[in-house]
Amino acid sequence: MGLVETIIKKVLEKGIILTKTKISDSVYKIQIKSDAVINYDFVPGHFLRLGVGIDQDEISLKDKVRSYSVWDINKENSTIAIAIATHSKGIGTKWVETCKPNDTVYFKWKKGKFLVDDSADSYLMIGDLSALSHLYIISRNLSDNKQIESIIYSENMDDFFLDITGAKPFDFYEMSQNPSNAIIEKLEGIIPKLKGNTMVYIAGDSRVCVALTNYFRKELNWATKQIKTKPFWNPDKKGLE
């Protein structure tokens, strides 16, 4: 183990993998147990910076860590759950395919701004497979009286998975990558049905995030506070670039 790995392990939180479950054609659920969960001031929408290349000298420093949404947290059991898709075939995919229960993991909390906001009356949830677990926990933590509409897409319907509760609160669609025009066509039929104050969460492909943000701001004249956007990946970049 090199000096960098030694330092990383000292500054990151430590946990163990309790379970690893394949929950769709291309997604694994990983449950991690850690004492760091107990006292953490968690807000739905927080991420984990997870070490997936530690102790592998051939991997560059920027590739040793990946960000994953916290899908669920249970402070009583000191556990967190994340969902990891394998489409990218990158270091995260290699890690999740080879990790196993009782393995030690190292992580750091990442707060960000793509958090639950209960102030609107109706919500739109838009994203691809990479954003599904994140949108699930946001939706699950909104008040029961909220109107929620959704467009969740993937190239393969078998990629989708149910929420951790077993519920299916979203509408799933089979679409190609970067389907901004197709999404806008569907939004034209959904948006008139929204009631009261509205808010949209857009996540996943950076190209879709940009196109839809422009659509809501310039075509629909929505205020900035109504639009929450988080690009989870960019086809021209990888990792922490």
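Every number here is computed from the coordinates shown, using simple stated rules; none is lab data. Please read all numbers here as calculations on a predicted model, not as lab measurements. Positions of Cβ are backbone-derived with ideal geometry, glycine not excepted, and every protein chain shown enters the neighbour counts.
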Simple label model, 7 Å out from Cα along Cβ direction - Asn197 to Lys22, nm: 4.6 nm
Part-to-part distance (alpha-carbon centres) for the stretch 133-182 and the stretch 104-118, which is given in Å: 19 Å
FRET efficiency estimate (nearest 0.05) - Cβ-Cβ, Ile184 to Lys14, R0 51 angstrom: 0.70
Inter-label distance, nm, simple model (7 Å from Cα along the C-beta direction), Asp35/Met157: 4.9 nm
Longest exposed-site-free window of the chain, the sites being trypsin sites (Lys or Arg not before Pro) in a DSSP loop that have at most 12 other C-beta atoms within 10 Å: 114-194
Alpha-carbon gyration tensor eigenvalues x 5, square-rooted, for the chain, Å: 32, 19, 17
Label-point separation, Asn141 to Ser176 (7 Å along Cα→Cβ), nm: 3.7 nm
Kirkwood Rh (inverse of mean 1/r, distinct Cα pairs), the stretch 132-234, angstrom: 14.5 Å
Neighbour-limited loop hits for GluC sites (Glu not before Pro), the stretch 121-184 (at most 15 other Cβ within 10 Å; DSSP other than H, G, I, E, B): Glu155
